[in-house]
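Step one of this worksheet: look at the structure below.
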Amino acid sequence: MLLKVIKSNEGNCVSIVDFQQLEESFYLTLHDHENTMLAIPALDLLKPGRMEELIDAYGRLIHARERSTAAAFFMSWFAGVCSAMQHMLYRDYAQLLDLSLSNLTVQLCEGEHYPFFCLKWRK
């Protein structure tokens, strides 16, 4: 799926963002995943209770013995945000998506073999 994004500060500059590639490579999506078990706005993860809720839920699913194990795995998934930004810079997109915490929702999803995270971007 491609999405046209118009860069407002230059008026006539149009960039095409390949969301299919962003989803396949970096788990960044525009949609709610069909197997979402828990969804939390990323900005809410700054609140200790919400982050603990996410890490504890994930920890139970991966049978982590310690919270730090689940936290480390989550952060490796969340690094996809940085990788997506690098990808957009490398591809020389005319406009980078605003991937700030206020524009993302973390979705903990049930996978066929293991749970995984998707990051939903609010258009």
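Heavy-atom accessible area with a 1.4 Å probe sorts ILE55, ILE16, largest first, into ILE16, ILE55.
Solvent-accessible surface of the range 39-123, taken per residue with a 1.4 Å probe and all protein chains present: 59 Å². What's log10 of I(q)/I(0) for the range 12-106 at q = 0.11, 0.12 Å⁻¹, Debye sum over Cα points only, no solvent? Each listed q maps to, in turn, -0.38, -0.45.
If you plug the beta carbon distance of ASP44 and TYR90 into 1/(1 + (r/R0)^6) with R0 = 30 Å, you get a FRET efficiency near 0.50. A cut-off under 11 angstrom between Cβ atoms defines the neighbours of PRO41, and their net charge, with Lys, Arg +1 and Asp, Glu -1, is +3. Ordered from highest to lowest accessible area with the whole protein assembly present and a 1.4 Å probe, TRP77, TRP121 read as TRP77, TRP121.
The values are calculated or read from the model by the stated rules, or taken from the named source; none is laboratory data. This is a predicted model, so every value here is computed, not measured. Neighbour counts run over all protein chains shown; Cβ positions are idealised from the backbone, glycine included. Ligands, DNA and RNA are stripped out before the accessible areas are found, and what is left, the full protein with its side chains, is counted by its heavy atoms. Shrake-Rupley method; radii C 1.70, N 1.55, O 1.52, S 1.80 Å.
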